1. Need the list of lysines near LYS165 for cross-linking: C-alpha distance under 24 angstrom, and skip anything on the same chain fewer than eight residues off.
2. For the range 191-343, give me the percentage of DSSP beta bridges that are antiparallel, rounded to the nearest 5 percent.
3. Cα gyration tensor of the range 236-368, axes a ≥ b ≥ c as square roots of the eigenvalues: rounded (a/c below 1.5), prolate (a/b > b/c) or oblate?
4. Per residue of the range 383-400, in order, report the coupling 6.51 cos²θ - 1.76 cosθ + 1.60 (Karplus, θ = phi - 60°) as ³J(HN,Hα) in whole Hz, putting x for Gly and Pro.
5. Using the heavy atoms of the protein chains and a 1.4 angstrom probe, tell me the accessible area per residue for the chain in square angstrom.
6. Can you tell me, using C-alpha contacts under 8 Å and at least 6 residues apart, the relative contact order of the chain as a whole percent?
7. Using modelled backbone amide H atoms (1.01 Å from N, in-plane), which distant-in-sequence or interchain residues come within less than 5 Å of VAL145's amide H?
8. Would you work out if the range 22-112 is rounded, prolate or oblate? Take a ≥ b ≥ c from the square roots of the eigenvalues of the alpha-carbon gyration tensor; rounded if a/c is under 1.5, else prolate when a/b is larger than b/c, oblate otherwise.
Amino acid sequence: MTTTLIVGAGHAGSQCAISLRAEGYQGQIVLVNNDEGMPYHKPPLSKKYLRSDNPEATPLRAASAYEKAQIEWVQQSVQSIDVASGVVSFGDGSQHVFDYLVLATGARNREHPELASCSNALTLRSIHDANNIHALVTSGNEFAVLGGGFIGLELAACLSELGKKVTVLEAADRLLGRVVAPEISEKIFAGLMLMGIDVLTHCQDTIFNLTDFRVTGATTNAAGGQNNEKPQTITCDAMLVGIGAIPNTDLAAEAGIQCDNGVVVNASLETSAANVYAIGDCAQFPHWQTNSNLRLESVQNAVDQAKCVAKTIATNTPTEFKTVPWFWSDIGKMKLQIAGLPGENTHRVLRESDGAIALYHLHESKVVCVESINSAKDHMLARKLIDKGTEVTPSQIQQGTDTLKSLL
């Protein structure tokens, strides 16, 4: 009997364990979890969880699901991996052998060096982080959010809905600059301003006001918002930091596995070490759509990669990972959804109707990406259009979803 050992029990690791059994794998499955409690959903932590008077984590699945699948738990941290011997060593000195190893080690938040020692400058990734932020939310009224990415804007909107005064500080010239087109950035910016959130961009040069290991405010030569490009000084009871993530590759690198902004894998998600795979936020993989190596941080990507690796191990046949990536973010009442990856040299077509927005990216008449706000129909259609490589015209896009659906 073979043994598959999965390091990390987040969205990717948990799904891989369950999918192995669903694919008919008969061997031993060991799920290593160094987090407290059962695996839980992380997206609600920046929204529903903070709005609740008595917040509770939402389990990914019931404990009975793991029991039924005969998945064994190891509540430990991994200290080292010996690939040649097929042995993992744990923090308590114990060891476990494996035939297949799946690295689902995720990523960790990037810290700001000037704020690392501040008790009221917090990041969000785990239930522990969410509890710390929840405690500050109940006692504070003014908040600064450093970073205009998904997590930062979700937190800003949530705090505003709770009646807090919120200022967003973004170093770049626009919000979500790494993930959405300028047209969508502008719509998100406008929506946040309507919520009463002050958004300051171009905040590369920011001086933080620190007192007794606490951040009490900041001064920045920012642009945007309501400051008319003049230096701004803000005050805050706490600062929430969302300035990106770093893949957890230490274990893999120390084991001699190739890493480069993630654990490097091939098209079937296998690492440079035979029978060792990497999935989720920690994996850098060749993407079929862009013909380049990239790392995606999303629940959908983690789940899909987990299913792919489970099929490869269960059938002992390499399975190429090829899915249409999609993402979502709930920023107040704005539901931002993205299907596909835009790449370069695309033609953009924007359609707006009754508060819904859809931005189609076309490359040689084929849909390669669609960014939408409050338009679930466009998002669901986009995933099918991209998958099938359907050709469309700007006129057909402007005619709406019924016309686009007929093309399928």
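The values are calculated or read from the model by the stated rules, or taken from the named source; none is laboratory data. Bear in mind that the values here come from a model prediction, so they are computed numbers and not experimental data. When we count neighbours, we look across all protein chains shown, and the Cβ atoms used for this are built from the backbone with ideal geometry, even at glycine. What goes into the accessible areas is simple: the full protein's heavy atoms, side chains included, and nothing from ligands, DNA or RNA. Shrake-Rupley method; radii C 1.70, N 1.55, O 1.52, S 1.80 Å.
1. LYS47, LYS48, LYS187, LYS230, LYS333, LYS335
2. Numbers: 22 of 24 bridges.
Among the beta bridges of the range 191-343, antiparallel pairing accounts for roughly 90 percent.
3. Working: a/c = 2.24, a/b = 1.43, b/c = 1.57.
The shape class here is oblate.
4. Whole-Hz 3J(HN,Hα) from phi for the range 383-400: 4, 6, 4, 5, 4, 8, x, 5, 8, 9, 10, x, 5, 5, 4, 5, 6, x.
5. Details: 18680 Å² over 408 residues.
Per residue, the chain has an accessible area of 46 Å².
6. Values: 885 pairs, mean separation 58.3, N = 408.
About 14 percent, as a whole number.
7. It is THR167, VAL168, LEU169, LEU240, by chain and number.
8. Numbers: a/c = 2.45, a/b = 1.49, b/c = 1.65.
It is oblate, given that a/c is not under 1.5 and a/b is not larger than b/c.
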